[in-house]
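This report concerns only the one structure given below.
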Amino acid sequence: MNFDFSDDQKLIQKTARDYLAQHAPLSVCRRVLEGNERYDAALWKGAAEMGWLGAAVPEEYGGSGLGHLELVLIAEEIGRSLAPIPFSSSAALATEALLVAGSEAQKKKLLPRLCSGELIGTLAVAEGTGDFDVATPGTRIEGGRVTGEKLPVSDGDVAGIALVLVRDGSGASLALVDLEAPGVTRTSLESLDPSRSQAKLGFSNVPAEIVGASGKGREIVSKVLDRAAVVMAFEQLGGAQRALDVTRDYALGRYAFGRPIASFQALKHRFADLFCAIELARSNAFYGAWALSHGNDELPLAACGARIAATDAFELAAKDMIQIHGGVGYTWEYDCHLFYRRAKLLGLVLGSASEWREKLMTRLEAREAA
Amino acid sequence: MDFNDTAEEAAYRAKARAWLDANAEPVDPNEPSGDPLAEREDDDMIRSAKAWQAKKFDAGWACITWPKEYGGQGGTTMQSVIFNQEQSKFKTPPPIYTIGHGMLGPTIMTHGTPEQKTKHLRTMARGEEIWCQLFSEPAAGSDLAGLRSTAVRDGNDWVLNGQKIWSTGAHFSKWGMIVVRTDPNAAKHAGLTYFILDMESKGIEIRPIKQINGGSGFNEVFYADVRVPDSNRVGAVGDGWRVALTTLMNERVAIGAGSATGGFRHLLKLARDAKRGGRPAIEDSAVRQKLAELWVTQQGLKYTGFRTLSALSQGKIPGPEGSIGKAVGAPMAQEMAALAVELQGPLGATRDAAATLHEGLWQGMWLATPGIRIAGGTDEILKNIIAERVLRLPPEVRLDKDMPFRDVPTGPPSK
Ligand SMILES: Cc1cc2nc3c(=O)[nH]c(=O)nc-3n(C[C@H](O)[C@H](O)[C@H](O)COP(=O)(O)OP(=O)(O)OC[C@H]3O[C@@H](n4cnc5c(N)ncnc54)[C@H](O)[C@@H]3O)c2cc1C
């Protein structure tokens with residue numbers, strides 16, 4: 001049994017951590033959050049140069065040909081640094097969608113540009129309030145042209161392409177849309193975490209090509225979401241661990257009643273609970289990474305476990321972070337709100353934890369019935 | 001990353017499996033099984049447990065990690081885990097040797113004299129004699145070092161007086177390991193000494209205690225001028241706390257990777273069989289959310305166990321983070337049982353085997369699980385351990401540390 005990452009993989013992670021410590025201190029996240037940039041373009045370029053965006057993409061498509069075990073460890077570091085870049089939309093969602101369902105021509109044409117960071121991609125499924133996974137999309141394709149509206153779309157305002165779930169006759173298909181094409185309107189939405197942008201995309205008779213088999217859009221999206229959920233679980237873990245580390249240091253340094261607040265048992269037990277939540281999430285995420293990298297049939301269940309546990313752990317970490325910091329934790333000046341926002345954003349952009357719990361039960365029941 | 005067995009591990013597993021196939025009956029995975037604190041007082045059960053242990057010993061499957069000279073197999077922890085994983089798929093008698101094999105044997109190996117090792121370890125391994133742990137007292141549980149049973153030197157003997165409590169299996173044990181105070185004038189942790197005690201000695205009285213689930217797995221044990229030869233002392237006089245810590249550390253290492261996970265399938269089945277609003281309860285979204293949450297926790301525990309095993313497999317020693325298993329697993333087991341009972345509606349309030357779903361097993365588990373959250377370190381003590389030893393947060397403020405034990409307060413000041 002070796003349920004751990006290899007030394008080479010850990011080295012890749014360490015390199016990513018060091019790079020981000022230098023190029024993405026929390027002040028970088030804050031600058032994007034406070035300013036008008038939608039993401040940090042220099043950091044995005046750096047991430048591409050480091051080979052992160054194509055970590056799991058074969059070399060023939062311009063990737064670094066490493067694998068998903070490397071990709072998830074990089075995601076963990078992106079999470080730890082709260083990097084303000086469209087990593088999960090482009091490197092997880094759009095890239096995985098093309099890897100899962102793209103034709104040879106689509107992969108040849110687009111993956112190299114996604115890996116080099118020159119093109120940003122995203123996935124557009126949700127249409128307004130409710131589940132991420134819409135049963136019958138209102139957006140439709142007819143005669144190769146897409147019409148409708150998608151919202152919210154993560155990084156939809158900075159992406160150059162989107163894979164859009166559309167109604168196609170009686171079924172649903174995944175359509176590849178060039179967001180620079182005429183007929184596309186992009187509206188930035190105010191994001192709960194402005195260091196990760198969100199948009200509304202309108203399509204009016206926009207030319208598109210189908211990705212994967214026509215009528216199989218929902219199945220493809222479901223596969224892509226499972227893969228992205230595992231990658232994002234590591235991003236969430238990185239954020240949660242950083243929140244715990246920062247909060248621990250603060251609690252050791254802050255004195256009240258003549259002693260460090262970290263010595264109060266009410267806080268010690270909060271820390272212990274948080275530690276358990278993070279470690280259980282890590283174990284679930286490891287299992288997800290294993291299933292993902294081995295193309296194992298356990299992935300649909302493992303992805304649910306990773307998504308739910310990591311979402312809950314990061315949200316708990318971020319909430320406790322503010323609580324344990326006291327008044328300063330509630331100020332704009334302290335960094336706690338960066339974590340609080342990022343945890344909620346990541347916990348929702350692929351569908352909420354309760355949506356995933358429901359999905360998990362459906363899958364568990366199907367397996368028991370089999 | 002790969003959690004398949006290595007070639008050697010697979011070969012070992014196959015060998016274990018073949019022996020178990022030939023010697024035990026497999027468990028039906030669809031049949032709801034047992035209460036986690038199975039009652040241990042019945043004579044037939046003890047006979048069958050002894051017979052099973054002797055059979056394993058004779059075939060070379062007992063105390064796998066112990067050195068050969070003490071009746072073990074000189075094997076690795078990983079091998080022992082593999083055997084236990086395979087054994088859990090078979091019907092075997094309840095585990096009455098966990099305390100002896102998991103905690104007391106290793107303590108003798110670390111601190112015992114050569115004579116003690118020769119005399120006890122092999123018979124312990126073969127299960128001929130059962131051992132119990134006599135640590136807790138009415139006034140000393142979490143705060144174990146606050147114990148007040150005494151031993152006074154008299155020639156070549158020590159004379160023991162006092163009371164122990166919650167002593168699991170004392171009523172069918174031949175031997176016990178006991179910690180007593182030999183110097184009340186020393187500081188709390190300094191005045192303790194550790195002994196091996198023959199449970200048939202004169203002056204010992206064992207009274208079973210009835211638990212909330214109706215069973216009596218544990219006892220109170222009284223000592224009136226019980227003589228213990230000095231040759232039964234484990235470690236130096238006054239060094240009992242250090243010896244006891246070895247026992248307690250081994251308690252935590254008793255790993256059960258994947259063992260707590262069988263219950264979930266049965267819970268799922270129960271949710272299909274139970275009704276809510278005339279429909280199977282599993283269709284109710286509140287029930288689904290709760291089940292999903294429990295599944296994720298249980299998976300997290302399972303794979304945390306696998307991560308520990310990976311560390312073991314690479315020859316690393318698991319640290320205090322092993323406390324997660326019990327800190328999370330015990331309350332989770334209680335929650336699972338509570339959900340299963342609640343899903344049965346008003347009928348859940350009965351224990352009638354014929355009327356309830358799954359023959360009242362969940363009611364039994366609901367009554368037993370509060371004990372798991374207390375035995376072997378309470379939830380709160382485990383959280384203290386995680387906070388202090390893993391996260392390195394400051395220790396609890398202690399008011400009793402440097403005073404002589406006789407001055408330590410034991411209750412509210414009298415008016
Ligand atoms: C089923 C079962 C089997 C057992 N078997 C054995 C056995 O074989 N041998 C043996 O020696 N003992 C045995 N025990 C005893 C067990 O180890 C003790 O019950 C346990 O350590 C708690 O001690 P206590 O009962 O004195 O409770 P207390 O220590 O009085 O605890 C009461 C409450 O106070 C809390 N508390 C205490 N100290 C702290 C602290 N520092 N911080 C926060 N909260 C605190 C506890 O968490 C608990 O909630 C068994 C117990 C059970 C339930």
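The values are calculated or read from the model by the stated rules, or taken from the named source; none is laboratory data. Just so it is clear, the model here is predicted, and its values are computed rather than measured. Ideal geometry is used to build each Cβ from the backbone, glycine not excepted, and the neighbour counts take in all protein chains shown. Note: accessible area is taken over every heavy atom of the protein model, side chains too, but ligands, DNA and RNA are not part of it. Shrake-Rupley method; radii C 1.70, N 1.55, O 1.52, S 1.80 Å.
Percentage of Cα-Cα pair distances in chain B greater than 27 Å, rounded to whole percent?
On the way: 48680 of 85905 pairs.
That tail contains 57 percent of the Cα-Cα pairs.
Would any residue of region B:162-183 have its amide N under 18 Å from a label point 7 Å out along Cα→Cβ of B:ARG406? List them or say none.
B:162, B:181-183
Using the heavy atoms of the protein chains and a 1.4 angstrom probe, tell me the accessible area per residue for region B:256-390 in square angstrom. Kindly include the intermediate steps, with their values, before the conclusion.
Values: 5530 Å² over 135 residues.
For region B:256-390, the per-residue accessible area is 41 Å².
Dividing the alpha-carbon radius of gyration of region B:7-96 by 2.2 N^0.38 Å (N being the number of residues), what value is obtained?
1.14
Direction-averaged shadow area of the convex hull around the Cα atoms of region A:284-370, nm²?
On the way: hull surface 26.0 nm².
One quarter of the hull surface, i.e. the mean projection, equals 6.5 nm².
log₁₀ I(q)/I(0) of region A:117-260 at q = 0.18 Å⁻¹, via Debye over equal Cα point scatterers, no solvent, to two decimals?
-1.02
Sorting check: for A:80-87, B:264-271, B:281-288, A:4-11, which peptide has the highest mean count of neighbouring beta carbons within 10 Å, and how do the rest follow? Working shown, then result.
Working: A:80-87: 27.2, B:264-271: 19.4, B:281-288: 17.0, A:4-11: 13.6.
In descending order of packing, they fall as A:80-87, B:264-271, B:281-288, A:4-11.
Working from the alpha-carbon coordinates of region B:297-375, get Rg over Rh, Rh being the Kirkwood radius. Provide the component values of the computation, followed by the final result.
Values: Rg = 16.4 Å, Rh = 14.3 Å.
Answer for region B:297-375: 1.15.
Let's see if you can work this out: charge +1 on each Lys and Arg Cβ, -1 on each Asp and Glu Cβ, no other charges. What is the dipole magnitude of region A:35-139 about its Cα centre, in debye to the nearest 20?
On the way: 7 positive and 14 negative charges, 54 e Å.
Charge dipole, region A:35-139, about its Cα centre: 260 debye, nearest 20.
Taking the dipole about the Cα centre of region B:256-390, with the C-beta of Lys and Arg at +1 and of Asp and Glu at -1, give me whichever of B:MET336, B:LEU301, B:ALA349 is farthest to the positive side.
B:LEU301
Sorting check: for B:77-87, A:244-254, B:300-310, which peptide has the highest mean count of neighbouring beta carbons within 10 Å, and how do the rest follow?
B:300-310, B:77-87, A:244-254
Pick out, from A:TYR334, A:TRP356, A:LEU292, the residue whose Cα sits farthest towards the positive end of the charge dipole of region A:218-369, with +1 on the Cβ of Lys and Arg and -1 on the Cβ of Asp and Glu.
Ranked along the dipole, the leading option is A:TYR334.
Largest first and in whole Å, what are the equivalent-ellipsoid semi-axes of chain A based on the Cα gyration tensor, each being the root of 5 times an eigenvalue? Numbers along the way, then the final one.
On the way: eigenvalues 232, 98, 83 Å².
For chain A, the ellipsoid semi-axes come out as 34, 22, 20 Å.
Would you calculate, for chain A, the mean residue ellipticity at 222 nm contributed by helices, counting each DSSP H stretch of 4 or more residues as -39,500 (n - 2.57) and dividing by all residues, to the nearest 500? Please report the intermediate quantities before stating the final value.
Details: 11 runs with 192 residues, N = 370.
One gets -17500 deg cm²/dmol as the mean residue ellipticity at 222 nm.
Across all directions of projection, what mean area in square nanometres is found for the Cα convex hull of region A:219-296? All intermediate terms of the calculation are to be shown ahead of the outcome.
Values: hull surface 23.7 nm².
For the Cα atoms of region A:219-296, the hull's average projected area reads 5.9 nm².
Calculate the FRET efficiency for A:THR15 and A:ARG363 from the Cβ-Cβ distance with a Förster distance of 22 Å, rounded to the nearest 0.05.
Details: r = 36 Å, r/R0 = 1.64.
Given R0 = 22 Å and the Cβ-Cβ separation, E is 0.05.
Quick one: Debye curve from the alpha-carbon atoms of region B:256-390 only, equal weights, vacuum; give me log10 I(q)/I(0) at q = 0.12, 0.20 Å⁻¹ to two decimals.
The Cα Debye sum returns log10 ratios of -0.54, -1.15.
Placing +1 at every Lys and Arg Cβ and -1 at every Asp and Glu Cβ, with all other atoms neutral, what dipole size does the protein assembly as shown have around its Cα centre, in debye to the nearest 20? Please report the intermediate quantities before stating the final value.
On the way: 88 positive and 96 negative charges, 169 e Å.
So the dipole magnitude of the protein assembly as shown works out to roughly 820 debye.
Enter the mean number of other protein chain beta carbons within 10 Å of the beta carbon of each residue in B:321-328, as an integer. Don't skip to the answer; put the middle values down first.
Details: counts 3, 0, 3, 7, 1, 0, 4, 5.
Counting Cβ atoms of other protein chains within 10 Å of each residue's Cβ and averaging gives 3.
If you take every DSSP beta bridge whose two residues both sit in region A:55-177, what share of them, in percent to the nearest 5, is antiparallel? Can you show the working numbers first?
Working: 10 of 16 bridges.
Once the DSSP bridges in region A:55-177 are tallied, antiparallel ones form about 60 percent.
With θ taken as phi - 60° and the coefficients 6.51, -1.76 and 1.60, list the Karplus ³J(HN,Hα) couplings across region A:341-358 in order, rounded to whole Hz; mark glycine and proline as x.
With coefficients 6.51, -1.76 and 1.60, one gets 5, 5, 4, 5, 4, 5, x, 10, 4, 9, x, 5, 4, 5, 4, 6, 5, 5 Hz.
Residue by residue through A:348-361, how many Cβ atoms from other chains fall within 10 Å of the Cβ on average? Don't jump to the answer; show the numbers that get you there.
Details: counts 0, 0, 0, 0, 0, 4, 5, 0, 2, 9, 4, 1, 7, 11.
If you average over the peptide's residues, the count of other-chain Cβ atoms is 3.
Extent of region A:218-369 along each principal axis, from alpha carbon coordinates, in Å, largest to smallest?
59, 28, 24
Bin all alpha-carbon pair distances of the protein assembly as shown at 10 Å intervals from 0 and give each bin's fraction as a whole percent.
2, 12, 20, 22, 18, 13, 8, 4, 1, 0, 0
Dividing the convex hull volume of the Cα atoms of region B:64-115 by its residue count, what figure in Å³ per residue is obtained? Walk me through the numbers before you get to the answer.
Numbers: hull volume 4.4 nm³, N = 52.
Each residue corresponds to 85 Å³ of Cα convex hull volume.
Please get the size of the charge dipole for region A:152-307, origin at its Cα centre, with Cβ charges of +1 on Lys and Arg and -1 on Asp and Glu, quoted in debye to the nearest 20.
Details: 16 positive and 17 negative charges, 130 e Å.
For region A:152-307, the charge dipole is close to 620 debye.
Can you give the FRET efficiency to the nearest 0.05 for A:ALA105 and B:ARG227, using r as the Cβ-Cβ distance and R₀ = 56 Å?
Values: r = 90 Å, r/R0 = 1.62.
Rounded to the nearest 0.05, the efficiency is 0.05.
Applying a 10 Å radius around every beta-carbon, put B:324-337, A:153-166 in order of their mean neighbour count, most first. Before the final figure, lay out the partial values.
Working: B:324-337: 21.7, A:153-166: 25.5.
My ranking of the peptides, most packed first, is A:153-166, B:324-337.
Is there a simple number for the mean count of other chain Cβ atoms within 10 Å of the Cβ of residues in B:282-290, and what is it? Could the numbers behind the result be given before it?
Numbers: counts 4, 2, 0, 4, 0, 1, 8, 6, 1.
What the average comes to for B:282-290 is 3.
Within region B:265-415, count lysine pairs with alpha carbon atoms under 17 angstrom apart where the residues are 8 or more positions apart or belong to different chains. Write down the numbers at each step before the final one.
Values: B:LYS269/B:LYS290; B:LYS275/B:LYS290; B:LYS302/B:LYS326; B:LYS326/B:LYS383.
Total qualifying Lys-Lys pairs in region B:265-415 comes to 4.
How big is region A:204-257 by the Kirkwood estimate over distinct Cα pairs, in Å? All intermediate terms of the calculation are to be shown ahead of the outcome.
Numbers: mean 1/r = 0.0655 Å⁻¹.
Result for region A:204-257 stands at 15.3 Å.
When all alpha-carbon pairs of region A:7-119 are counted, what percent fall beyond 24 Å? Please report the intermediate quantities before stating the final value.
Numbers: 1457 of 6328 pairs.
Roughly 23 percent, rounded to a whole number.
Per DSSP H run of n ≥ 4, the term is -39500 (n - 2.57); total these for chain B, divide by its residue number, and report the mean residue ellipticity at 222 nm rounded to 500 deg cm²/dmol.
Details: 11 runs with 159 residues, N = 415.
The helix-only estimate for chain B comes to -12500 deg cm²/dmol at 222 nm.
How compact is region B:131-239 by the rule of thumb for globular proteins, expressed as Cα Rg over 2.2 N^0.38 Å? Mind showing how you got there, number by number?
On the way: Rg = 13.4 Å, N = 109, 2.2 N^0.38 = 13.1 Å.
Output field value: 1.02.
In region A:84-127, which residues have a backbone nitrogen under 11 Å from the label point lying 7 Å from A:HIS23's Cα in the Cα-to-Cβ direction?
Zone members listed by number: none at all.
Take A:ARG259 and B:GLU200, extend 7 Å from each Cα along the Cα→Cβ direction, and tell me the distance between the two endpoints in nm.
5.0
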